[in-house]
Amino acid sequence: MSFNTCIITSALPPNIKGVQILVDNFIEIMEPISDTIYLIAGNYHDDISEHKFNLINLKMDDKKQTIIFRIPKFIFIQLKMGYMLLKIRKKIDFTVFFISTPFIIPLLTSKLLNKRIIMIATGSSSKGARQHYKSSILGMGLIIPEILKLLERINYYFSDRIVVLSKGLMHDLDLTKYQDKIDYACATFVDTNHFCVKTDLQNRDIIIGFIGRLTETKGIMQFVQSIKLLSKNGDLSFFIGGDGHLRDKIMKELLKDDLKHSVTFKGWISHDDLPEYLNLLKLIVVPSYTEAFPAIGLEAMACGTPVLINSVGGVPDIIKDGENGFIMENNSPESIAANVQRILNRTDLENIAKNARKSLENDFSYENIIEKYEKVVKNCY
C-alpha cells in the first residue's frame, strides 16, 4: 500500500550539507512506501540529491541576526510553508515533520486539512536553544527555550504518530504521556558497503577525533577544552572535522593554549570522503547535549572506530559501555578526558569495534528501517 507523502523540514544550513544528507537518507527510506514525495524545505541543495521528488524550496536568509529580527522571519517562513501545504493539499495523504524546529503553523494547517501527521522526534529544539542562547542578554536564554518547549508540546499533542529511536529517547524527551501513539524507528541508515573497515584498529595511530557541526549543541567546545587536559600526556594527536559558527572561536582557543601543533583541523568533510577519515581515528568522541543517536556515531561503528558518546537520548539503548562502545556520564572536559584515558588503557578495543559493526548491521540495515516505517504509516490509519 503506497501513499503520497509530504516531508517538511527546517531551513538547512547553507554551508553545512551534512544535515541535508540526513534529509536525503530519510527520503530514501520513504521512497519504497510512497507513490509521490513532496519536500518542503529551506535552502535545499537540489543539485546534490540523487532522489526523485517534488521539491518546494524556500530560500532563506542565512545572515547572522539578533533574535529580535529572527522571530518575525521564523513566523513568515512558517506562513509560507502553510501556504504551500494548501496548494498541494489534494496531492498528499499525510505530512511528515523531520528535523523541524517546532513549526506550529504548517502543523496546524495539516490538521485543518485533515491530513495525518507523523512527527519524527530526533532531539529537543528547546534543549538545543538553551545551550545556544545561554549567554544571551535580556533573558533570551531563558525565554526562547521555554517558548520552543511549549511549541514542541503542541506539536506532539496534535501529531497522529510520534517516531522516536528508542524508549530511552521517549523518556529523555518527556513523551511518556503519548505512549499510545509512539512508534520506534531510526530516521536514518548506514550504507555498510561504503562505511566499512579499511584499516584495522590495531594499525591506526592514536588519534582522538571529533567530526560534526561546530555548534554549541554538539559539545565541540567541551571537546576542545578536553584536549588541553589530555595533551599533558604528550603522545596523543587530535582531529577536528566539520564547519560551523564556532570555527573561529575554536581556532583561537587552540592557539591560546598552544595546542595547534597536536590538532589536525579539517573543515567540512564530504559524505563520500567520511569513511577515509573515520578509518584514521583510534577513537571518536561525540559529546552532544541532545541527540536521538548521531549519524556520525553509527557511521563510525560501521568503520570499526570505537565511539565515546554522551549519555543522551537513545544512546543507552544502543551503546552498551565496554561491549560495543563507551558512554560518558556527562560531556564536561574532565569527563571526556577521563573516559579517553580509560578507553586507551583497554586491551580489547578490537573486539569492541567488531561488536559495534555487528550491532549496526543487525539494527540499522536499510531493509529493517523501511519495514518499521511501513508500520508507522499503517498505524496512522
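See the values below:
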| item | result |
| --- | --- |
| FRET efficiency, 1/(1 + (r/R0)^6) with R0 30 Å, evaluated for Ile206 and Asp321 via beta carbons | 0.90 |
| Too-long pairs where the Cα-Cα distance tops 27 Å, listed order kept, from Lys80/Lys111; Lys80/Lys372; Lys218/Lys378; Lys198/Lys256; Lys59/Lys115 | Lys80/Lys372; Lys218/Lys378; Lys198/Lys256 |
| Nearest-0.05 FRET efficiency for Thr36 and Phe265, computed from C-beta distance (R0 45 Å) | 0.55 |
| Net length gained if the chain between Ile147 and Tyr184 were fully extended (0.36 nm per residue, minus Cα distance) | 10.6 nm |
| Inter-site label distance for Asp272 and Phe69 at 7 Å from Cα along Cβ, in nm | 3.7 nm |
| Region 214-271: C-alpha gyration tensor shape, a/c 1.5 cut-off, then a/b vs b/c | prolate |
| Gained length - Phe158 relative to Leu86, 0.36 nm times residue gap less alpha-carbon distance | 24.1 nm |
| Options Thr5, Met301, Gln202, ranked by Cα towards positive dipole end of the chain, top entry (Cβ charges) | Thr5 |
| Charge dipole magnitude, Cβ of K and R +1, D and E -1 - the chain, Cα centre, debye nearest 20 | 1380 debye |
| Residue order, fewest to most beta carbons within 10 Å, for Glu152, Glu31, Glu367 | Glu367, Glu31, Glu152 |
| Residue exposure sequence - Phe210, Phe238, Phe94 - by fewest surrounding Cβ within 10 Å | Phe94, Phe238, Phe210 |
| Extreme residue, positive dipole direction of region 201-363, given options Leu254, Gly244, Thr347 (C-beta unit charges) | Leu254 |
| Neighbour-count order for Leu169, Leu246, Leu142, fewest beta carbons within 10 angstrom listed first | Leu142, Leu246, Leu169 |
| Listed peptides 342-350, 211-219 by packing density, highest first (mean Cβ within 10 Å) | 211-219, 342-350 |
| Anisotropy class of the chain from Cα gyration tensor, a/c 1.5 cut | prolate |
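All of the numbers you see were taken from the coordinates with simple rules; none came from a lab. Here the structure is a predicted model, which is why all the values come from computation and not from measurement. Quick reminder, even Gly has a Cβ in these numbers, built from the backbone with ideal geometry, and neighbours come from all protein chains shown.
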